[in-house]
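Following: one structure in structure tokens, then a few remarks.
The values are calculated or read from the model by the stated rules, or taken from the named source; none is laboratory data. Bear in mind that the values here come from a model prediction, so they are computed numbers and not experimental data. Positions of Cβ are backbone-derived with ideal geometry, glycine not excepted, and every protein chain shown enters the neighbour counts. The protein model used for the area step is the full one, side chains on, heavy atoms only, and it has no ligands, DNA or RNA in it. Shrake-Rupley method; radii C 1.70, N 1.55, O 1.52, S 1.80 Å.
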Amino acid sequence: MPDRTQVLRVALPVPLPTLFDYLPPAGSRPGPDWPGRRVRVPFGKGERVGVVLEVGEPATEPESLRRAIELLDDEPLLAGELLHTLAFCARYYHAPPGEVLATALPGPLRDGQPLPETTAASWRLTEAGVTALARPGRGRPRALLERLQAAPVAEETLEASFDGWREAARALARRGQAERQQLPPATTLADDPAAPAPTVAQAEALAVLRAGAGFRALLLEGVTGSGKTEVYLQAIRDCVARGRQALVLVPEIGLTPQTLQRFRSRLGLPVWEYHSGLADGERSRAWTAMARGEARVLVGTRSAIFVPMPRAGLIVVDEEHDASYKQQDGIRYHARDIALVRAHALEVPIVLGSATPSLESLHNAQAGRYTLLRLPQRAGSARPPAVRVLDVRKRLLVHGLGEEVFTAIAACLARGEQALVFRNRRGYAPVLLCHDCGWRAQCKRCDSPMTVHGVGRSLMCHHCGARGTRPLACPDCGGLGLQPQGFGTERLEEALAGRFPQARVVRIDRGSTRRRGELEARLREFGDAPGILVGTQMLAKGHDLPRLTLVVVVGVDEGLYSADFRASEKLAQLLVQVAGRAGRAERAGEVLLQTHHPGHPLLSTLLGGGYPALAALTLVEREAAGFPPYAHLAMLRAEAPRETEVQAFLAQARELAPDMHGVHVSAPMPAPMPRRAGRARGQMLLTAAQRPALHALLMPWVAQLYGLKSARRVRWSLDVDPIDLY
Ligand code: ADP
Ligand code: ZN
Ligand code: ZN
């Protein structure tokens with residue numbers, strides 16, 4: 001026999017829970033430093049790019065194995081902590097390792113492209129350029145010469161501050177007076193003259209973060225404007241000053257140009273971004289700059305949690321309760337939870353900030369795993385608004401609004417201020433109903449009514465995107481009694497514009513702000529003059545609106561009686577966030593909650609003791625009901641064109657689930673929306689008081705599900721720690 005054949009165990013981006021064995025590329029000798037490198041391999045009739053995870057003895061006859069085509073990296077692309085964390089994710093979410101790796105890598109790297117250039121280009125003067133400066137001159141090239149006189153200037157800086165720099169630079173280059181150079185990005189901090197002296201509470205938070213090395217979690221609870229970001233900025237400065245890297249996660253909606261601008265101007269060094277709005281190449285560049293240790297600060301959304309941090313020093317998760325941290329398809333990871341795993345593994349501090357922390361995090365703080373610090377409202381910032389419950393029982397509602405609402409808006413406009421009417425439902429009306437026979441416009445492909453749009457003229461399904469025109473007569477009885485029922489943002493906009501014809505009414509929802517930057521543009525257009533904003537939860541956060549002093553919340557009642565066990569937590573978070581929009585330093589704002597259930601405990605607790613009181617009450621309820629954070633859940637979901645296929649799969653899955661002490665496996669059941677986009681949907685919930693028991697069941701069980709014949713006829717997924725039960 002020749003010497004022992006070594007094989008590569010490769011993770012490939014395919015929905016199978018295994019690694020794939022290959023012979024090493026011809027003429028190569030795999031070594032212990034091969035894991036973490038990418039490799040191109042034959043797969044079926046085509047080729048795939050995967051990551052070598054192990055090098056070892058073949059499990060089967062090596063003759064039966066195919067040979068890898070090409071090793072793509074000279075050194076591991078994924079190494080150390082990150083490789084371990086990704087392996088952990090595959091185990092914890094019971095997901096195919098190759099798909100986890102694919103989720104973690106930016107597109108070009110996933111496709112096998114080489115690591116991009118990360119250096120920044122800048123322009124500097126040549127000898128001839130210095131000489132030319134002594135002579136008089138005119139125009140843009142001259143201005144650029146002068147600009148470059150003191151020091152080279154980065155292209156990014158020129159882009160932001162020098163109109164027409166490209167042509168000017170080209171002109172100078174032609175004359176040999178300036179040249180382009182590639183430099184690694186700056187990693188030194190500039191002074192921060194704008195830094196305010198920390199308050200007592202901020203100093204306390206910073207002391208927790210500065211207390212020696214190692215992992216610790218700080219839960220920073222404070223309303224908008226209480227100074228959380230100042231704490232992050234100080235902690236990031238400390239971290240960078242020690243030569244380390246900081247990662248800041250923000251929710252989808254929190255990543256505004258203003259946020260980035262604030263970080264950049266206060267830190268005075270490059271702040272890299274990582275989010276879905278970037279071109280693939282840019283994502284790849286940021287990822288690589290972190291991997292090389294050249295990037296010191298990276299601000300990003302959910303997927304940024306997978307950037308390498310070879311010189312890690314700090315992780316920040318802003319708005320840690322935000323649902324956008326949970327991926328809802330593919331690998332259903334929770335970026336905040338992975339952030340904690342990584343901070344642990346990297347032995348660095350982590351800060352979780354929020355005005356309304358998740359119950360999971362509050363529970364961890366109670367259990368002593370996190371340090372909880374509350375930042376009090378800062379003097380000089382907006383004062384807490386006065387919240388009033390408007391009991392509309394038996395009151396006449398005009399366009400879904402009580403008369404007191406109109407009075408309050410009129411008074412607000414008369415003072416020259418702005419009002420926000422918040423309704424978490426876009427469209428004109430949620431339902432089109434026949435008043436004669438009771439017929440409702442249903443989506444043909446979903447168990448859901450069509451939403452009326454276009455000022456009552458068209459129909460749209462919010463679940464599958466199906467569109468239709470509104471019928472003139474009832475398709476059932478032929479009557480002309482079709483009426484839009486209920487109020488969405490479009491209808492409120494129409495009603496308010498009709499009632500306040502002098503005022504500007506601007507609507508903000510997913511329909512009106514489809515394109516990137518449109519939200520900012522609409523708010524700019526809204527400006528400072530008196531007016532009314534109508535919108536969905538897109539308006540709950542971000543964007544400073546200093547003239548806004550009145551917030552009206554419509555449609556609270558739908559959240560009060562929802563079947564979702566997280567409904568009250570979500571509603572409370574939303575109410576606190578929306579209410580936070582009202583008020584300024586000089587004048588407290590007013591919040592009106594319009595409801596038919598003024599005595600509901602959620603409202604009275606929230607009004608009496610604020611979010612902390614409601615969170616405490618909800619935690620007690622969760623414990624009694626055996627819901628998270630006092631239990632651990634996993635949801636198996638399946639969908640298929642036919643209901644019988646879903647049922648067959650779930651029944652077999654149920655059968656296969658072993659009886660395990662401490663884990664409850666529910667019977668298969670239809671999803672809350674049993675049919676969506678023409679597909680039948682079903683689910684099955686697994687509950688356990690202890691996490692290890694749940695995972696002990698899941699590990700072998702999920703592996704078996706892949707082998708089920710019935711699994712081939714459905715699309716199925718496992719959601720570990722689901723944030724909702726749909
Ligand atoms: P948050 O992140 O909680 O919304 P910020 O950190 O953005 O709060 O602070 C709100 C405003 O208060 C900002 O303009 C900030 O510069 C200012 N601020 C924060 N901390 C202090 C402080 N210690 N002294 C003076 N101003 C502060
Ligand atoms: Zn009818
Ligand atoms: Zn539909």
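Structure above, values below:
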item: Accessible surface of region 298-354 [probe 1.4 Å, protein heavy atoms]: carbon and sulfur percent; result: 44
item: Sequence-distant residues sharing a close amide H with residue 153 (under 5 Å, placed H); result: 123
item: Cα-based Rg of the chain normalised by 2.2 N^0.38 Å, two decimals; result: 1.08
item: Long-range amide H partners of residue 297 with built H, under 5 Å; result: 246, 272
item: Distance cut-off 25 Å, percentage of C-alpha pairs in region 621-726 lying past it; result: 18
item: Isolated Cys residues of the chain, judged by Cβ distance under 4.7 Å to other cysteines; result: 89, 239, 412, 464
item: Aspartates and glutamates with Cα under 17 Å of residue 709, excluding same-chain neighbours fewer than 8 positions away; result: 639, 643, 645, 655
item: Protection-proxy order for peptides 64-71, 567-574, 128-135, each taking the mean of Cβ atoms within 10 Å per residue, highest first; result: 567-574, 64-71, 128-135
item: Rh by Kirkwood over Cα pairs, then Stokes-Einstein D for region 1-121 at 0.890 mPa s and 25 °C, µm²/s; result: 165
item: Average Cα contact separation per residue, the chain, under 8 Å, 6 or more apart, as relative contact order %; result: 10
item: Accessible area expressed per residue, region 80-194, with surrounding protein chains retained (probe 1.4 Å, Å²); result: 54
item: Reach of residue 394 by Cα under 30 Å, taken over lysines that are not fewer than 8 positions away in the same chain; result: 570
item: Given charges at beta-carbon only (K, R positive; D, E negative), |dipole| of region 78-180 in Debye; result: 620
item: Globularity ratio of region 171-214, using Cα Rg and 2.2 N^0.38 Å; result: 2.30
item: Percent of alpha-carbon pairs separated by more than 18 Å within region 296-390; result: 55
item: Cα extents of region 499-598 along the three principal axes, largest first (Å); result: 39, 34, 29
item: Alpha carbon Rg of region 37-184, scaled by the compact-globule rule 2.2 N^0.38 Å; result: 1.70
item: Sequence ranges 706-713, 118-125, ranked by mean other-Cβ count within 10 angstrom, highest first; result: 118-125, 706-713
